[in-house]
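Asks: I'd like to ask you about the structure that follows.
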Amino acid sequence: MNVMLLGAPGAGKGTQAAKIIEAYGLPHISTGDILRKAVADQTALGLEAKRYMDAGELVPDEVVIGLVKERLSQPDTDKGFILDGFPRTVVQADALGGVLTELGKELTAVVSIDVDMQALIERLTARRTCKSCKGIFNVIAQPEIANGVCPACDGELFQRDDDTVETVTNRLHVYERSTAPLIDYYEDKGVLRHVDGNRDVEDVWTSVDAILQG
Ligand code: AMP
């Protein structure tokens, strides 16, 4: 099963990807995670990517396309994969189409998680991530995590550098301009399925899983 999760920053792609991994054991290809690791490791790629990420801008297409191409060529993706945060532009979507054709793969489902704009801003600025288990939490929904301790594993919670109010606003503008057109792009290809992401995680998951079950 080859799944793509589409949606604005904060729509819940990472949270639903974690659910898919738990249920189906598919490898998770998150360009955001790959880039954040490169930044943490201070590789040349990470140093270049950091300035775009800190500003809430997209990293250049050729950089992320190269990363995804390499990742999709690894054998663990033969049983399927979850694409999360890629593609984010029509250029990336076209490149992905070419790579998948070359590898003899195709997308099983493109799931668009739809969330209202105001809710996105609230979710992103309230988001906290665990350094240890990578769990994603929300300090408004779960005020007890304001102490910085992960409720799942007691690890240390942190706020992503790009989840500040200024960067979030820009990321949402960039989404509207560059990524939202992909909804029509995949709708035209007849593979797009919409899920109402304005609901509880478990309700959203019920809808996502129903789509994956076919
Ligand atoms: P994410 O974790 O998916 O929200 O990504 C965090 C940041 O990484 C984005 O704001 C971009 O700066 C960069 N990024 C992640 N995926 C892509 C992509 N497909 N194209 C360009 N930049 C990306």
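The values are calculated or read from the model by the stated rules, or taken from the named source; none is laboratory data. Since this is a predicted model, take the numbers as computed values, not measurements. All Cβ positions, even for glycine, are placed from backbone atoms using ideal geometry, and neighbour counts span all protein chains on display. For accessibility, only protein heavy atoms count, side chains too; no ligands or nucleic acids. Shrake-Rupley method; radii C 1.70, N 1.55, O 1.52, S 1.80 Å.
Asks: Only four residue types carry charge here, +1 at the Cβ of Lys and Arg and -1 at the Cβ of Asp and Glu. Report the dipole size of the chain about the Cα centre in Debye, rounded to the nearest 20. Present the calculation step by step, with values, prior to reporting the outcome.
Replies: Numbers: 22 positive and 34 negative charges, 61 e Å.
Roughly 300 debye for the chain.
Asks: Report, to two decimal places, the Cα Rg of the chain normalised by 2.2 N^0.38 Å (N = number of residues). Kindly include the intermediate steps, with their values, before the conclusion.
Replies: Details: Rg = 16.6 Å, N = 214, 2.2 N^0.38 = 16.9 Å.
Here the Cα radius of gyration is 0.98 times the empirical estimate.
Asks: How much accessible area per residue does the stretch 134-214 have, in Å², with a 1.4 Å probe? If you can, show how the numbers build up before the last one.
Replies: Details: 4740 Å² over 81 residues.
Per residue, the stretch 134-214 has 59 Å² of solvent-accessible surface.
Asks: Ok, one more. Summing -39500 (n - 2.57) over the DSSP H runs of n ≥ 4 in the chain and dividing by its residue number, what mean residue ellipticity at 222 nm do you reach, to the nearest 500 deg cm²/dmol? Before the final figure, lay out each step's value.
Replies: Details: 9 runs with 100 residues, N = 214.
Helices in the chain give a 222 nm mean residue ellipticity of -14000 deg cm²/dmol.
Asks: With a 10 Å cut-off between alpha carbons and a GNM built on the chain, which of Glu62, Glu102, Glu187 moves the most?
Replies: Result: Glu102 has the largest fluctuation of those listed.
Asks: Before anything else, pin down the relative contact order of the chain: Cα pairs under 8 Å, at least 6 apart, normalised by residue count, whole percent. Don't skip to the answer; put the middle values down first.
Replies: On the way: 299 pairs, mean separation 65.6, N = 214.
The normalised contact order for the chain reaches 31 percent.
Asks: Counting only Cα, what are the radius of gyration and maximum Cα-Cα distance Dmax of the stretch 35-76, in Å?
Replies: According to the Cα coordinates of the stretch 35-76, Rg and Dmax are 11.0, 34 Å.
Asks: At a 1.4 Å probe, what is the % contribution of carbon and sulfur to the accessible area of the chain? Provide the component values of the computation, followed by the final result.
Replies: Numbers: 5440 of 10610 Å².
About 51 percent, which is the carbon plus sulfur part of the accessible surface.
Asks: Local charge sum around Leu182 (other residues, Cβ-Cβ under 15 Å, Lys/Arg +1, Asp/Glu -1)?
Replies: Working: positive: Lys13, Arg88, Arg177, Lys189, Arg193; negative: Asp61, Asp84, Asp94, Asp114, Glu176, Asp184, Glu187, Asp188.
Residues close to Leu182 contribute a combined charge of -3.
Asks: Can I ask one more? Counting every Cα pair in the stretch 1-79, what percent are over 21 Å apart?
Replies: 34
Asks: When only the heavy atoms of the protein chains count and the probe is 1.4 Å, how do Lys50, Lys131, Lys79, Lys13 rank by accessible area, highest first? Working shown, then result.
Replies: Details: Lys50 75, Lys131 105, Lys79 130, Lys13 25 Å².
Largest to smallest exposure gives the sequence Lys79, Lys131, Lys50, Lys13.
Asks: Now for a different question. Skipping prolines and chain starts, which residues have an amide H placed within reach, meaning under 5 Å, of the one on Asn2, given they are 5 or more residues away or on another chain?
Replies: Hits under the 5 Å cutoff: Phe81, Thr108, Ala109.
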